[in-house]
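The values are calculated or read from the model by the stated rules, or taken from the named source; none is laboratory data. Since this is a predicted model, take the numbers as computed values, not measurements. Cβ: placed from backbone, ideal geometry, glycine included. Neighbour counts: every protein chain shown.
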Amino acid sequence: MSMDFELLVRIFPEVLLDGIILGFMYALIALGYTMVYGVLEFINFAHSEIFIAGAFIGVEILLGLQGRGLLEGFPWPLVLLLALMAGMAASGLLAVTIERVAYRPLRAAPRLIPLISAIGVSFFLQDFIRLFESLWRNAFNLVYPSMDALNHRLELTATIDVSVKSLVVIVSALLMLWALHLIVNRTKVGTAIRAVAEDQAAASLMGIDVNRIISLTFLIGGAMGGAAGVLFGVQYGLINPYSGFIPGLKAFTAAVLGGIGNIPGAMVGGLVLGLLEAFAASYLSLLTGGAFGAEYKDIFAFSVLILILIFRPKGLLGEVVRERA
Amino acid sequence: MIRHRVWLVLALLAVLTVALVPASELGAQGKGTIKIATQSPLSGGQAALGEGIKLGTQLAVEQLRGNLTKQGFKVELVPFDDQAKPDVGVANAKNIIADKDILVVIGHLNSGVAIPSSEVYKEVDLPMISPANTNEKITDRGYPSVNRVCGRDDVQGPVGAEFAALTLKVKSVYVVHDKTTYGQGVAEAFKAEAEKKGVKVLAFEGTEEKSNFDPIITPIKAKNPDLVYFGGIYDQGAPFFKQAREKGVKAKFLGPDGLDSSDLVKIGGKALVGLYYTTAAAPSSSPQAKKFGDDFKKKFGKNPEPYAAESFVATAIALRAIESTVAGGKAPTRATVAGAIRKVKYTGMTGAIEFDDKGDPKKASYYVMQVSSDNPEKWGDNKEAQRLAIAAPPLKK
């Protein structure tokens, strides 16, 4: 056994941080899946492309500023806010459009039909983005311009340091989740969303415009996805038209893990999955003396997921506040 | 009215057909068509290198087909996109062998694609000359129709290890690879030689991750190796090394020829200046290479990517083999071309090339290069840190 306990302990805080960042990323994407499921009981498989579309709008804004020599001129929080807002707006509108064009006409159809439509939209968007970027920039991989201020590392203790951009990811994710919580639980619109989730027919009898509320749900879920896309680009630096697929799949898993249809559940699920993945990737090879490496991280994370679902089939928070999007 | 229009269109079509048929027959009036196919990724994350293979071949076909054209042959290039995927490569290969005019394939970029695809070419003795595939298995299968003009991973990996141990004088190394035939293969060869040279291998990790390398980098940072080796291709290696540097890994970086593309610094930026890579692609310093670079830039408006020159050389060898087998003005069979390729002695911008009985060059050159600028335009100016000419190892039986 070549276990190195001292090393395990030493890297613990940093792995925890890696996991939290990844977890918040999954949580933000998972919200889009879970809100739509809560309202329509339908899985929007195009959400991974809504997410990556946000990342592309963000990079276009940053590259546009850089091309005009403005990237260094503006203070970075302003630049970042601009990219985030643009990404959120674009992804939100994209989600609403997709719902209008590809899902609403099929709402009365058997459940499998809109699901297939969603997969079709997903393929279409991947290759549309690819086509657009090859014509516009002649590029497949797009690189987020690196900003020195964001790469700066703050020393927390002698051995732990964290980059500014990681903090930005955590703070923006928390702010957005808090805002979403307020919208859903403290506003009239939020009450309407919850009412539609509970019973569409009854809600419409009470004078709620169901179609508008469904559009709104897609708008909010899409905007969260778009924000996650921009943060993903800022944090990891490189995106391509297919980059959305794997994070999307993981976020969907996180939504199921937390209890699909449940907003706090998506957050918990995202964090659990992010932490599992980070700890598996960093610790497996140290714990097994190299027998199992980082490549087993997904197998490990998904085995845990299966175990949780065996004992809690409705997810971690599934039963507590079910059907309250 | 409408009926009139239909007739008009039909009449026009008839006229066009009559006008076009003789034209196309005129074109074929010579002795026939000889086609050279390329297979490389023309779309996706590795398209920069893949397109270099296609364009290098195109330049060679256009500059060197004169002798065959004079004898009445039409020489054409047919590019295929293998998308860096084995299944696509094999599907293309089946289309290629069905076109009897194709006498040679120049390709691929990825060993994992080249190996199954060449199983298809071999069925009909269609010769393949690879400009870039460095995995041992390409030639170690001993197929008479499979050749390459570049070096091998079981030499390239050890060349890197020797450079790390003797020149960089590192004591410890952390090895990461991409789990492909190519990346893992070269990383294993590197690891074995590094251990032999007394360098401590701290870990050997495989990953298919493309964006978030944080959880892999954290243990690297904690173990603080002198060197990090990445066996894989630039679209994954660049973000990995970039994130490692940003996260505070201080080690020197080294990798194989999969990193040899200007896109590496386009993605990785200034974090990757100073990175070392081994390559079997000749740097563009010789006068012949200069001329090739100038011609390339004039024709395609950009600098040649690594392996574009090798593709040019591979095509030159193929054309010479075809010329030597054009007997009585008839296009040769694929098998005779395959036999002739093994007899060609060619000296070009990558040095003298002559194939051994497995299809490896008798002597291949290996280079260790260092990235000198974060400007992709200046990729050709990277510093040569070491150069070695090594014979391919004999087949292990």
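For the criterion of being within 14 Å of chain B (Cβ to nearest Cβ), surrounded by 24 or more Cβ atoms within 10 Å (Cβ to Cβ) and not acidic (Asp, Glu), residue A:289 fails. Cβ-Cβ contacts under 8 Å between residues 6 or more apart (or on different chains), taken from a first residue in the range B:190-218 that is within 12 Å of residue B:239 (Cα to Cα) and within 9 Å of chain A (Cβ to nearest Cβ) to a second residue that is among the acidic types (Asp, Glu) and crowded, with 22+ Cβ neighbours inside 10 Å, are listed as B:210/B:235; B:214/A:18.
Within the range A:158-187, the set of residues being touching a helix residue (DSSP H, G or I) at 6+ places or on another chain (Cβ under 9 Å), more than 13 Å from chain B (Cβ to nearest Cβ) and within 18 Å of residue A:271 (Cα to Cα) comprises A:168, A:170, A:172, A:173, A:174, A:176, A:177, A:180, A:181.
Restricting attention to the range B:223-269, the residues that are more than 22 Å from the chain's Cα centre (by Cα) and either closer than 24 Å to residue A:234 by Cα or not in a helix (DSSP H, G or I) (or both) add up to 20. Assess whether residue B:186 counts as being part of a strand (DSSP E or B), away from every other protein chain (no Cβ under 12 Å) and among the aliphatic types (A, V, I, L, M). No, not satisfied.
Counting only residues that are acidic (Asp, Glu), part of a strand (DSSP E or B) and at pLDDT below 90, the range B:338-389 holds 1 of them. The single condition from (1) free of Cβ contacts under 8 Å to residues at least 60 places away in the same chain; (2) of a type in the set (A, V, I, L, M); (3) away from chain B (no Cβ under 14 Å) that residue A:266 fails is (1). Evaluate the following for residue A:303: is it crowded, with 17+ Cβ neighbours inside 10 Å, at pLDDT below 90 and hydroxyl-bearing (Ser, Thr, Tyr)? Taking the combined requirement at face value, the residue does not satisfy it.
Highlighted here are the helices (runs of 4 or more DSSP H) found entirely within the range A:38-155 that include at least 1 residues which are under 20 Å from the mean Cα position of the chain (by Cα) and either closer than 24 Å to residue A:197 by Cα or away from every other protein chain (no Cβ under 14 Å) (or both): A:47-67, A:76-98, A:112-136.
Scanning the range B:220-238 for residues being within 8 Å of chain A (Cβ to nearest Cβ), surrounded by fewer than 24 Cβ atoms within 10 Å (Cβ to Cβ) and in contact with a strand residue (DSSP E or B) (Cβ under 9 Å, 6 or more places away or on another chain) gives a total of 1. Only one of the listed residues (A:281, A:301, A:294) is in contact with a strand residue (DSSP E or B) (Cβ under 7 Å, 6 or more places away or on another chain), aliphatic (A, V, I, L, M) and within 12 Å of chain B (Cβ to nearest Cβ). That residue is A:294. The residue that is farthest from the other protein chains (Cβ to nearest Cβ), counting only those in the range A:3-37 that are under 24 Å from residue A:242 (Cβ atoms), in contact with a Pro (Cβ under 9 Å, 6 or more places away or on another chain) and of a type in the set (A, V, I, L, M), is A:29.
Every listed requirement among (1) surrounded by fewer than 20 Cβ atoms within 10 Å (Cβ to Cβ); (2) touching a Pro at 6+ places or on another chain (Cβ under 8 Å); (3) more than 19 Å from residue B:202 (Cβ to Cβ) is met by residue B:172 save one, (3).
Looking across A:213, A:208, one residue alone is outside any helix (DSSP H, G or I), over 30 Å from residue A:137 (Cβ atoms) and out of contact with any strand residue (DSSP E or B) (no Cβ under 9 Å at 6 or more places or on another chain). It is A:208.
Among the helices (runs of 4 or more DSSP H) confined wholly to the range A:220-325, which include 1 or more residues that are basic (Lys, Arg)? Spell out the reasoning first.
Numbers: elements: A:245-258, A:263-287, A:297-311.
Those helices (runs of 4 or more DSSP H) span A:245-258, A:297-311.
Please enumerate the residues belonging to the range B:93-113 that are free of Cβ contacts under 8 Å to residues at least 60 places away in the same chain, touching a helix residue (DSSP H, G or I) at 6+ places or on another chain (Cβ under 7 Å) and farther than 17 Å from residue B:336 by Cα. Residues satisfying the conditions are B:93, B:94.
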